[in-house]
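Student: So that we are looking at the same thing, I have put the structure below in C-alpha cells.
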Amino acid sequence: MKQVTARLILLTASLLSVGSASAQTGVSGSLGLVIYPSAGQAADQQSKDEGECFSWARQSTGVDPADPLAGVSAQPASGGGPSSGAVAGAGAVGGAARGALLGEIADEDAGEWAAAGAVVGAMRGARRAEQAKAQQQAQAQAQTEAKKAERMDLFKNAFEACMQGRNYTVR
C-alpha cells in the first residue's frame, strides 16, 4: 500500500511538472517547499530529481510522508492515576463524611445527610476523573502531533539536502 501511495505521489509530481515552470508543484509542493532549478534544469529533469530525492529521503530517514508515524512505537499512556471509579468512590466517602457531619450539626438524621453527601461526592469525584482523563488525552494528542512534525522535518531536511546536491535552490 505504501509503495502504491509513493508511486501515486511520484506520478502526480510527474504530471504536474510537465506544464509550465510556474505551475510546478510536484513532490516539493506537497511538502510545502519551493524548488528553483539553479543550473537551468528542465521541468522533466526536475520532476525526475524530485522523485529520486523523495525515494532517497524516505529510504535514508525511514519516514514515509504519507504516514510519518509508521514504524514508531506508540508511547504508553501514563495511566498512573486512579481510575474514575476509584476517584468517584473516594469522593463518595468524603461526601458521606461531610454530609454526616452536617447532619449532626443541624441536629437531623446524620444517615440521610451522609447518603446525600455520598451522592454529591461521587458525582464530583467522577467529574474530576473525567476532566483528568480528557487532559491526559489532550497531552497524548499533542505529543503525537509533535512527534509527527519532528519526523516530517527530518524527511524534509533529507529531501532538501538531496535537491541542493543536484543544484537546486530550496526554500
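Student: What's the number of the condition K133 fails, among (1) under 30 Å from P68 (Cβ atoms); (2) open to solvent by less than 90 Å² (accessible area, probe 1.4 Å); (3) not polar (S, T, N, Q)?
Tutor: (2)
Student: Limited to segment 113-160, what total is found for residues that are touching a strand residue (DSSP E or B) at 6+ places or on another chain (Cβ under 9 Å) and not charged (D, E, K, R)?
Tutor: Within segment 113-160, residues that are touching a strand residue (DSSP E or B) at 6+ places or on another chain (Cβ under 9 Å) and not charged (D, E, K, R) number 2.
Student: Go through A115, A138, A146, A142 for me and flag whichever is in contact with a helix residue (DSSP H, G or I) (Cβ under 8 Å, 6 or more places away or on another chain) and either at pLDDT 90 or above or in a helix (DSSP H, G or I) (or both).
Tutor: Answer to the check: A115.
The values are calculated or read from the model by the stated rules, or taken from the named source; none is laboratory data. Everything quoted here is computed from the prediction, not taken from an experiment. Cβ atoms come from the backbone with ideal geometry, glycine included; neighbour counts cover every protein chain shown. Heads up: the accessible areas ignore ligands, DNA and RNA and are worked out on the full protein's heavy atoms, side chains in. Shrake-Rupley method; radii C 1.70, N 1.55, O 1.52, S 1.80 Å.
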